[in-house]
Every structure is written in structure tokens, then in C-alpha cells.
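Below: the structure, in C-alpha cells.
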Amino acid sequence: MPGSPPTRQRPLPPPNRRRDKPQLSCNPCRRRKVKCDRQQPCRTCSMRGLAMACTYPDAESRPSDREPVTTVQNRIRELESLVHVLMQKAAPKNPPNVTSVPQPETSVSPLDGYPDPGVGANGSSEPSDCGTLTNTPAGVNYVDGAHWTALLDGISELKDCFQDTTDTGSTMRYTIPSQVVPDYGPQPQLLYGRFAHISKGEILSSLPARPVVDRLISKFFNTIDLHPALLHSGQFIRQYEQFWEDTSSAPIMWVGILFAIMSLSILLSLPHTSSEPNSQSSDVESAILLRAYREKVVQCLMLGKYTKGGPHVLQTLILYIAIEHLLHEDSEFGTHILLGVILNIAMRMGYHRDPKNFPVISPFEGEMRRRTWAAIYQANLIFASQMGLPSMLKDHQIDTEEPHNLKDSDFDEDTTELPPARPDSELTAVLYIITRTRVAHLWEEVRDLATDIRRHKYDEILAMDQKVHVHQRRLPPAFRMQPVGQSITDPPHLIMQRIWLQICFLRLQIVLHKKYFMTPTPNERYSYSRNVTLKAAVEIIEYQHMVYDLVKPDALLYDARWKLSSVMNNEFMLATGVLCHYMKQIDAAPQRTVEGISIEDIKKLLIRSLECWQRFAGTSRHARKAIEAIRLVLKSTSTPTSSPTNAEDEFSQIDFQDPLLMDLNFPCSVDGFYSGDDSTTISDPSIESTPFAMSGFLPWNVLKG
């Protein structure tokens, strides 16, 4: 048609699309958005061990076709060859973002952190595993060699092999339906200070009616196995009766204990929202009460000037830290810092010294101090292991004896001399505290040996391994593992205690032998360590499957589901890392298989673990890391899974209508969702905070029940 514009050969790009520019960087550098010197191979790829993958786009190709297809097998071979080359060098370099801590007179592989087989500080030629420093968006973090991240970090190097050019994992967002969710605020609240300063009278006025408190007290003493370490049941009942006779005369710290007990009871009473109908309204109301009572605990601590110590201070602090700990699916550094505060207060009050050294302490008070110190000692070790940090306590600075195996009815405030301890064959409420104390002391020895910056001879490792087995055989009869079918008449918390103790001993074996399991080259000398590590990990994963099944609604351990917290999941993460690392090793070197455990069995265990971890994918960043690692290794071996293959499908399984996004554990503040970056969370404006949550005020009729 005359006057019409000429026909264009190709359509114009959208206005918001930037101009196509020629790609001068190699494909790996372009993906990582790092500087490339445009050589073949470039220096960055050479340092990373990606020389084979350093390719450049064809000028004629489309942008979407420019990424190379790198097989996992080639990548593994490349990594293995790099390890061998670097182990022969005298002056290796550290990789970007991950810096292994070198030992004196050793050289460290920049890939895996394994030292050359040279002479160490003590004349040993054993491998060392002393931890890593990781550069994250939040800053530099250190974890010791006994932490599960030491296993998964190596696997994450293979991530690029499974990413295609249209990967949207880093930009994915999830639409959450508008809902009313209580805002728990920054945690732990005691450290961040977001609470109102009120008087003792105002705190007492928020107490519900006595029948409500009675029910919550009963729930606490019949559910949580922590109470024998902190409270003597007979003494507490007497104090409780006095409190209701004259509430204003009660010490503010004792009032803090009362509110902490109510908080924990509510926390443990929340229903299984994804399975129980009509639970949404009760969830929200319970969570609002939980937030209010938790705030009252903090206010009591502040009014009582908790840093000065005194009666009831440690008990209130320990119960408070339990609340903060159980509010998270994952371990949090804030609670570890708070535990450090508790430790210093306890030592200032002399809890790390046995009461027999001080005649001024009565037999009753001395025995309760031993119980409380046992709980603090155990918490210190568990939290340190979760964080991958050294323990804050050393045994040579402590002489507090373990508690006596006594029932609360065996002694009281008027006791002038403690009766003889009952035998370990007699189950009492405090026997579990005693048993865990013994395991904790062994745990401390194992961690000191395994994470020592000095090298130790392999014979020392084997001697400690035997010591672990001896301690396991000495467990009190009540805590020895039995088939679940033969335990149906036992209380759920007792079954969970047996499972946890078994997992503890298996964990100690992994920690002892892990560095020999991870050696980059086969060594027949360490075959025992390799077998022990893998078999212990397999057994822990089997316990994971058992526990996840038994804590479902109407299952045997549903009433003890609260024990499936970040503490137990931390051990499942360690075992998951071992199995994933083993799959990676075998894929590259099939001759390194462990006799008696087939690859197909490992695959089946990982596939089932994938289903377990997906329950927590919406609220746990650690679960997401486990899911990613499992999928990577299964894909590397061409193993199909029945699980969702992308994050969007995975999150579609989560019932976002649940007001607290609970699965098996406890309420989590819905203040952010996974965006592909575990170091940050994304606030969702569709989540509306209740005015009660913002002000800390609750209507009288709600508080009074």
C-alpha cells in the first residue's frame, strides 16, 4: 500500500528489555556474575577447578542456548583431579567464600579443607578437620569440623551442574493468603528489647483464672522432661498454694516461672493444624496468649534485675530460653548467646562448684543446684554442637557432681542429709537428666578430640570409639532401645528419650570418624572409620523415618512430638550430609563402596528423607538445604523421585491457610518465605499483624479463659 511503512524483518523487543549485548565473559563467570579475564580457560575458572567448563558462547547462538551442558560425572572427575593436584602443591590457595583454617606445618586443599599427609603439631600424620569460615551476606561465619555443613558445603559445589539458564530459584516468590497472624517480634525477645516495661501489679493482673493455670501447670509437669532439673514438685506445689493466698507477696522471679510454665504448656498444646479440622481460630488465640505470656516472662526478668542472680533466676531463664528455642524450626545464634548469659550468671552463683564444698548450702538446695547445673551443662553442649562452635565450658573447671537418683518424695526443704541414691535400674523422673549428663560429658570428650586444632593419632580415635561403645552398654535398662512394637505400654516421652540417646551415640561415632570418611583418596587404614560413619548415618536416617511416622496425629508418639525440634533435626541433617557425600564419592569412584550397604538402599533412604524434610520446607531453611542436597545427589545418579522437582511444586503442598504454618512442631512467625537465599527472609505484606500482637495487650475475657 502506498505510503505504508516498510515491513520489519523481526519484531521489536519489549520496551523494558535491555539491548542485547555481546557476551565477552565465559559462561560460568557470567552465571556467577564474577570478573572474567576472557582467557581460555580464564583465571577464575582455573582457580575454581572449572577449566573444562570454561566455555564461551557461539556468536550465532541465542542467549538461551549459550550455557554449556556439563555432565555431573565430568564435574566430579574434575573435582577429584583438582584435589590430587592441589594436595601435591606446597602453597595452595583458598577458594572464594570458603576458607579452611590451616594447621601448623600442613598444607590445606582449597577445595575440601583436607591437609596433606604431613607431620602435624604432635608428630602425627593423621588428617585434620578443623572447621571452615564461610562468607555469607550476613557476614563471615565459622563452624567446626563436626558440623553438618562441612558435608553439605562440598556437595553444593555441584549445584551449577543442575541449574539451567532459566533458573528462577533466586527470584521466586510465594503468594500467601491474607490472614491474621500474631507477631512474635525479633527473637530472643530478652536480647532485642521489644516489650513494654510494666509494674508487678500489671503483670499479675494478666493472670487467667486459677482453673486455667491449674490445667497448664498439670500439662507442664506431665509432658516436659525438663521439670525435674528445675523444680522440686513438692516445693513448687507448696509455693503455688501460697501464691494464690496472696499473689502480691510472691517474688517477681517466681511469677516469671509461672508465666514461663504457662507459655510452654500452650506451646506444647497447639493442635496439628494441617490434619485437625477447625483449628484455625484456636491456633490464633493460643498463639496470641503465648506471645503475651512470653512477654510477661521477659518483664519479670527485667523487673527482677536478672543479671544480679538470686532465687528462681536461673530456673526462669532456662524455661524462657526453652520457649525461644522451641519457637524456631532451626537453631538460632541468638539463643546460643542467651545461653552464654545464663552460663555466666550460673557460674557467678557458684553452680559449677559442687555444693559439698560449701556448708552454707543445705542438702536440699545443693541437690537442686546439681540438677539445674546438669540442665545448663547439657544445653551448652547441644547448642554449641548446633552452632558448630566450641563448648563454653571445660570439665577441668567444674567439679559439680551429677544429681542423685532420687524421687522428689525422698527429700524436701527440711532434709538434713540426703538418702542414698536409688539404683539406675529404678526409673525416676530425674534418671533421664542423670543419664544425659553422663552422655554429655562423653560428648564433650569426643568433640574436643574430633575438633582439636592439633592432630591426633588414629589410635586415639579408635580408643575413644571403644569408650563410646562402653558408655552405650552402660545405659540404664529403662533407656536401652527396644522395638517400638514392644514399647506400646511405655509413655511416649520415654520412647522418645530412648530414641534420642541412641541417636546421640550414633552421632558421636560420626563425629569421631567423619574426617577419615571424607578423605579424598582411599586408604585401607581408615576402612573401619568409613564403615562406622556410613552405618551410623544409615541408622540415624532410619530413626528419622520412624520418628516422623510416629509423631503424626493418632500415632504412638504424637504427644511427644515437641521433642522433634531443631535439636533432633540437627542430627538428621548430619546423617543426611553423610549419605549425600557418600553418594557423591561412589558416583566418582565406585570401588569405594562400603560392604553390606547397597547404593540402592541409600537411594531409598534419601528418597524417603526427602519426603520427611519437605514437611518443614516452608518454615525451615535447614530443611530446604537438605532437600537441595538430596535432589542434587539423586539427580547425579539419575534416580527418579516421586517428590516435586521444583520449589514451586514443593511449596504448593504446604497449606498456607494454616494460621501458623505448623506441621509437627510449634508456631512460627510468618514473617518471611524462602527466596533462594537462606541468609535473608522476605516480608510479606499480605500477612496482617493483629493489633493485640503489636501492643502486647489482650482483652480481659481472653486472658481469663
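The values are calculated or read from the model by the stated rules, or taken from the named source; none is laboratory data. From a predicted model like this one, the values you see are computed outputs, not experimental measurements. As a convention, Cβ positions derive from the backbone with ideal geometry for all residues, glycine included, and neighbour counts pool all protein chains shown. Surface accessibility is based on the protein's heavy atoms, side chains included, excluding ligands, DNA and RNA. Shrake-Rupley method; radii C 1.70, N 1.55, O 1.52, S 1.80 Å.
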By how many nm would the segment from K604 to K33 lengthen if fully extended, with 0.36 nm per residue of separation less the alpha-carbon distance? 201.9 nm
In the range 417-481, the GluC sites (Glu not before Pro) that sit in a DSSP loop and have at most 10 other Cβ atoms within 10 Å of their own Cβ are E417
Kindly report the accessible area of the range 324-363 per residue (heavy atoms of protein chains, probe 1.4 Å, no ligands, DNA or RNA), in Å². 44 Å²
Under 20 Å from a point placed 7 Å out from the Cα of T307 along the Cα-to-Cβ direction: which residues of the range 221-262 have their backbone N that close? 252-253
Taking Rh as the Kirkwood radius computed over C-alpha pairs, what is the Stokes-Einstein D of the range 442-584 at 37 °C in a medium of viscosity 0.692 mPa s, expressed in µm² per second? 202 µm²/s
Post the alpha-carbon centroid distance, the range 560-634 to the range 183-259, in whole angstrom. 40 Å
What whole-number distance in Å separates the alpha-carbon centres of the range 283-297 and the range 306-323? 19 Å
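Please work out how many pairs of lysine residues in the range 359-517 are eight or more positions apart (or on different chains) and have Cα atoms closer than 23 angstrom.
On the way: K394/K457; K394/K467; K457/K467; K457/K514; K457/K515; K467/K514; K467/K515.
Here the count comes out as 7.
With the other protein chains left in place, how much accessible area per residue, in square angstrom, belongs to the range 376-519 at a 1.4 angstrom probe? Walk me through the numbers on the way to the answer.
Values: 5800 Å² over 144 residues.
Per-residue value: 40 Å².
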Could the peptides 237-246, 206-215 be put in order, highest first, of the mean number of other beta-carbon atoms found within 10 Å of their residues? 206-215, 237-246
Accessible surface, the range 574-623, averaged per residue in Å² (probe 1.4 Å): 34 Å²
Give the carbon-plus-sulfur fraction of the accessible surface of the range 349-400 in %, rounded to a whole number; probe 1.4 Å, heavy atoms of protein chains only. 60 percent
What is the percent carbon and sulfur in the accessible area of the range 431-584, measuring with a 1.4 Å probe over the protein chains and ignoring ligands? 52 percent
Calculate, in nm to one decimal, what H441 and D559 gain on full extension: separation in residues at 0.36 nm each, minus their alpha carbon distance. 39.5 nm
